[in-house]
Each structure stands twice: as structure tokens, then as C-alpha cells.
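Some notes on the structure that comes next.
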Amino acid sequence: MLRISVLRLLGYSGTRRVSRHYGSGSQCTRDDPQDTRAYFTTPIFYVNAAPHIGHLYSALLADALCRHRRLRVPRTAATRFSTGTDEHGLKIQQAAATAGVAPIELCDRVSAQFQQLFQKAGISSTDFIRTTEARHRVAVQHFWGVLKSRGLLYKGLYEGWYCASDECFLPEAKVTWQPGPSGDSCPVSLESGHPVSWTKEENYIFRLSQFQEPLQRWLRSNPQAITPEPFYHGVLQWLEEELPDLSVSRRSSHLHWGIPVPGDDSQTIYVWLDALVNYLTIIGYPNAEFKSWWPATSHIIGKDILKFHAIYWPALLLGAGLSPPHRIYVHSHWTVCGQKMSKSLGNVVDPRTCLDRYTVDGFRYFLLRQGVPSWDCDYYDEKVVKLLDSELADALGGLLNRCTAKRINPSGTYPAFCTTCFPSKPGLVGPSVRAQAEDYALVSAMASLPKQVAEYYDNFQIYKALEAVSSCVRQTNGFVQRHAPWKLNWESPADALWLGTVLHVALECLRVFATLLQPVTPNLADKLLSRLGVSATERGLGDLFFLPRFYGHPCPFEGRRLGPETGLLFPRLDQSRAWLVKAHRT
Ligand code: MSP
């Protein structure tokens, strides 16, 4: 300890070895060029209970980011996306004991529920990991061996509070006393409210304290490492406080459900070290192939597990001679009717029911449109119905109907755009000029939309990307309303060119909306693009060019036949919500 303090006084951040490897982390802020790889991860989910909407939200955020990236960089080999289940630890051991089943039986059952849910919800992951797999044990034990060989693990007496529900150690200041079920005062975690117990045992301990300054330097030179910004500052704040060494094993007699410490069967590896290494197992660690994906990684996590990902994990990686992850995207939580979701309150929202009620695309849209990563969001059914009816059924579906209805578009085509009716320069006057100032505002908003949406994705503001799309949908409906194509006549030469132009512009807007909505509502976007006659190779973001004829370029869609009519884009929910009315009466 004395040696470390002296080195610190001399301006060293820890051992020289730590500093040397820390250097490579500073490459992280580079922007993704087209040919680099990107690796997205969700947290791996505990299998002590069935999935709820919060879990689905974590996975959906990662899915949307990943799908957006695939539209930008279509090479399939360039993007990887992992999810999985966290199956070891005291929490699972205790849940299995309470349920009277073997831990692996519980893991098999609940892991399958997560896999089914994610499949149903269209989570486009390329990898699914279970921490009980043999490949993971190999990776974790290898990682342990590297830390050991670098002198970063030592054996010592650990004494303190442990919270099995959160699987973490807590300092005295983070523990409070509350009346328990039998009325006696019980110690609980101040943050989560979960019970804690006093633990005193000999464990392996990781020299976390040596990484305080390397972590600070990594974050200061990578201001984008943690998004949104308040979480970045929060982590820097934590790093101002004392960073004690971390116990990374438990007595096997107490915790048997886990990976044994290599060469010491009397100890089981701490579940968080085990869980975090999943991100490396997926990409082939310890085989050298993992280096083509690391550290080009984006971890998507909830705020409750920020410390594990932004402090413990980067420190463990630096300790093992690896760079910290490229980016950590943090989201807040869903509450239900103003309360925290919990089994004991009986208010857990089952995502499978929601996907059935609101459709896969409807529920995906709701969670991503309403979920704001920086703060907690409240869930209730009426909110879902109101949002989906107004934005997907009425605004977007209505717009499609208005441009494709037989009465207005009898030829069922993408009509021609007339540059005389809608000249590229605003303010021109002439007998055939029909475009008005607001129409130019629409074109300008639409032209910048894809870039704006991409920026929102980069900043982890998918809700803002959807808000921007929704605002342009409203503007497009205003455009159609203003020019009332239903009042124009195809037979009149004076009307026909303008009528075709109005429909052309509105269809172009719809094409851009559908292309941009693909990461969030993949099925609905596919239906819309197919209806517009847009082929599979014309749906990427790289060549998304709005209204080319306005800018003097040929338009590949002009004159094209629309795709077949396949019914309402998104049927209104309030007609069919007998279950909602019933839910209110009870
Ligand atoms: N097993 C750990 C993660 C290990 S990653 C190496 C874990 N699992 S969890 O099942 O408890 O949580 C998984 C994710 O779900 C976390 O990102 C967590 O924040 C998220 N959510 C859990 N409850 C949530 C809400 N009520 N709302 C939104 N997300 C929430 O932690």
C-alpha cells in the first residue's frame, strides 16, 4: 500500500504495467469508418424471474442501434450483436432453492423464456450466451489467470455487507435499517431497498484501487465513452471518492453455483466478474480472433449496473492488458403507474402480453418513442393506445391512405414530379407555380431528416429520432391537407401536373419515413416500403436521397407501379381494446 501511495505522490497512476496498457484505450473516440466492425451488447439477464418490459427495453435499444448501423454499413460481417442470460451466483442459487428445483433447471426454463421473448420481439441478435456454457467457463478462467499472472489478485480477509439480489458488496454508508416482514429491523441497501447480510470470509481480492487514475484518464480523454452525459459525469464523480479493492471470489461452501477459481476449488469466482467476461466469450476470447471485435464495442446497460460497467469492467480489462469498451450507453428505468416494478407489488408488466395486444411493431415503437434514457418513464396502457393510434394509425397510416387510395391515385403509381409547379427556387411566380412557402419548409425539413436521425442515434436519443420523424409526418399531412388532392382532377390538364406532384412529394416523404423507421418498426416499415414499390436494395441509409427531381436528379421511383394493397398499415387500437375497458372495471 505504501509503495502505491509513494508512486501516486510521484505522479504515477499505479504500476507501470497498468499505465502502459491503459494507453491503448485512448483510440476509442474515433468515428466508425465504413469498414470497421461494430459490436453491440445487451446486459445478460438474470434468470431468477421471468422477463419484464424493462429487460425488453434494454434489448430493444441495442437492437435499434444495431439495426440502424446495419442500414448505414450493410456488410453483414461488420456488425455483431450479443445478448444472453446471467445464470450463476447467489441470487440464482437462492431462487432455485426457494423454487425447490436444481439451479440448472431454473436456468434452462428462464433462459428459454428470454430467448422466446427476444425472438418474438424481433431482437436481431447474432449471438446468445448462457454463462453456464463450457466456452464461457474457459474464457472466465483464462481471464482470471491473466489477472493473477499480472499480480492483480491477492488473498485477504473480506468483511462487509453483501446484497444477494444486487450481487454486490456495500459500504456501511449505503446500508439502512427497515422493518422486515416479521416487524424486526433488517439491514437493506439504501439504493435498491433489497436485504443485505454481513459477510466475513477469506477471498481473492482484485487491486481495483490501482486503477482510479487510469480510469479517470480514460474517461477524460474519451468524453463520449459514457452517454448520456450526466452518467459520464456521475462516474467521474464516483472516481473522486475512495476506490477500495474488490473482492472477486466467495467461499464455495457458501456459493457453489458458479465457476471455480482455477487451482482453488474452495473459492467460486464472483458473479459480476463471471458475467462481464461474457462480452469477451462471445467474440472468441481467449483465441486471438476476439481482437477483431474488441474494443469496438457498445455496451447498452441500465443505470443500476453502471458502476459494474464503467468502473469494475474497464479496470478489469486494463488489468488484463485490454482496452476499455468504445462506448457505454446508459438508460433509465420504467416504472408502472408511478411505482417501481416488483414481484411483491404485483405490478410487473409482462412484455409478451404487450406484444400480443399492441403488435410487435406497435410495442417496439411505444417503448423506444416514450423511453428517455436520461430519466425514468412511467408505463400505463392508455398511454400506449393513445400514442399508437395517433402516430402510427392516424398520422402515418392516414397519410399512406391519402396517397394511395384508388380515388386519388387511380393508376396506382408513383406519379411524376413537375418542376414547373414546384420549382427548386422558392418565391418564383408564374401561372403554373403552385408550391407555397410552407412546402419549401417541408422539403428542407425532409432533406435534413436522415442526417438528424443519424445524429440522434449517435447520441443515444432514439426517442428524439422518432420525435423528429413524427413531426415531419405531421408536416407532410399538413402539406396534403393544404393542397387537398381530392379536390383536384386528373382529367383537367391544369390540375393533373400539380396533383401528380403533390402525390409524388407525399410518397417521397413516406419512403423516407419508412426507411428511417426500419430499426424501430421493421415489419411495419417493410409493409410500407413494399406498398410504395421500394425494392430490398433501395432501403439502405447510404443512398437515401429525398426528392431527387427537386434537386435536378432523375428519380428511380417516378412512374413506378406501387406494390400490392395489403390492408391498413396500423389498425387503430381503441376499437379493439375490450381488454382495456375490462381491466379498468376490475
Ligand atoms: N445480470 C445483470 C447484468 C450483467 S451484464 C454483464 C443484471 N441483470 S438484470 O436482469 O437485473 O437486468 C438486465 C437489464 O435490465 C439491466 O440493464 C437493467 O437496468 C434492466 N432493467 C431492469 N429493470 C428495469 C426497469 N424497470 N426498466 C428498464 N430497465 C430495467 O443486472
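For the range 457-494, which residues satisfy the criterion of being among the aromatic types (F, W, Y) and not in a loop (DSSP other than H, G, I, E, B)?
Across the range 457-494, the qualifying residues are Y457, Y463, F479, W486.
For S125, are the conditions met, namely being open to solvent by less than 20 Å² (accessible area, probe 1.4 Å), within 30 Å of R357 (Cα to Cα) and at pLDDT 95 or above?
no
Suppose we filter the range 160-179 for residues that are in a strand (DSSP E or B) and open to solvent by less than 80 Å² (accessible area, probe 1.4 Å); how many remain?
9
Residues S189, S182, S209: which one is assigned by the TED database to the domain that holds L306 and open to solvent by 30 Å² or more (accessible area, probe 1.4 Å)?
S182
What single numbered condition from (1) hydrophobic (A, V, I, L, M, F, W, C); (2) within 19 Å of Y270 (Cβ to Cβ); (3) crowded, with 24+ Cβ neighbours inside 10 Å fails to hold for W313?
Only one criterion in (1) hydrophobic (A, V, I, L, M, F, W, C); (2) within 19 Å of Y270 (Cβ to Cβ); (3) crowded, with 24+ Cβ neighbours inside 10 Å is unmet by W313, namely (3).
Checking R70 against (1) at positive phi; (2) open to solvent by 20 Å² or more (accessible area, probe 1.4 Å), which test does it fail?
(1)
Have a look at A64, A59 and point out the one that is open to solvent by less than 10 Å² (accessible area, probe 1.4 Å), within 17 Å of G371 (Cβ to Cβ) and either away from the ligand (no atom under 14 Å from the Cβ) or not in a helix (DSSP H, G or I) (or both).
Unique residue meeting the criteria: A64.
Among the numbered criteria (1) more than 16 Å from the ligand (Cβ to nearest atom); (2) open to solvent by 10 Å² or more (accessible area, probe 1.4 Å); (3) touching a helix residue (DSSP H, G or I) at 6+ places or on another chain (Cβ under 6 Å), which one does G412 miss?
(3)
Looking only at the range 295-325, which residues are away from the ligand (no atom under 14 Å from the Cβ) and touching a helix residue (DSSP H, G or I) at 6+ places or on another chain (Cβ under 7 Å)?
Of everything in the range 295-325, those that are away from the ligand (no atom under 14 Å from the Cβ) and touching a helix residue (DSSP H, G or I) at 6+ places or on another chain (Cβ under 7 Å) turn out to be P295, A315, L318, G319, A320, G321, S323, P324.
What's the number of the condition V47 fails, among (1) touching a helix residue (DSSP H, G or I) at 6+ places or on another chain (Cβ under 7 Å); (2) modelled with pLDDT under 95; (3) β-branched (V, I, T)?
Condition (2) is where V47 drops out.
I'm trying to understand the selection: among the residues of the range 339-375, which are within 11 Å of the ligand (Cβ to nearest atom), under 21 Å from D63 (Cα atoms) and surrounded by fewer than 14 Cβ atoms within 10 Å (Cβ to Cβ)?
Within the range 339-375, no residue meets the criteria.
Taking the condition over 26 Å from the mean Cα position of the chain (by Cα), at pLDDT 95 or above and of a type outside the set (V, I, T), does G284 pass?
Considered against the rule, which asks whether it is over 26 Å from the mean Cα position of the chain (by Cα), at pLDDT 95 or above and of a type outside the set (V, I, T), G284 comes out as no.
Could you identify the single residue in V453, V502, V480 that is within 24 Å of the chain's Cα centre (by Cα), surrounded by 19 or more Cβ atoms within 10 Å (Cβ to Cβ) and assigned by the TED database to the domain that holds D389?
V453
Going through the range 75-107 one residue at a time, which ones are part of a helix (DSSP H, G or I), within 16 Å of the ligand (Cβ to nearest atom) and touching a helix residue (DSSP H, G or I) at 6+ places or on another chain (Cβ under 9 Å)?
Listed by number, the residues that qualify are L90, K91, I92, Q93, A95, A96, P103, L106, C107.
Filter the range 243-292 for residues that are open to solvent by 20 Å² or more (accessible area, probe 1.4 Å) and of a type in the set (D, E, K, R) and give the result.
D245, R251, D264, D265, E289, K291
Within the group D389, D378, D394, which residue is among the charged types (D, E, K, R), under 30 Å from H52 (Cα atoms) and not in a helix (DSSP H, G or I)?
Result of the check over D389, D378, D394: D378.
The values are calculated or read from the model by the stated rules, or taken from the named source; none is laboratory data. Here the structure is a predicted model, which is why all the values come from computation and not from measurement. Methodologically, a virtual Cβ is constructed for each residue, glycine included, from the backbone with ideal geometry; neighbour enumeration extends over all protein chains shown. Only protein heavy atoms, including side chains, enter the accessible area calculation; ligands, DNA and RNA are left aside. Shrake-Rupley method; radii C 1.70, N 1.55, O 1.52, S 1.80 Å.
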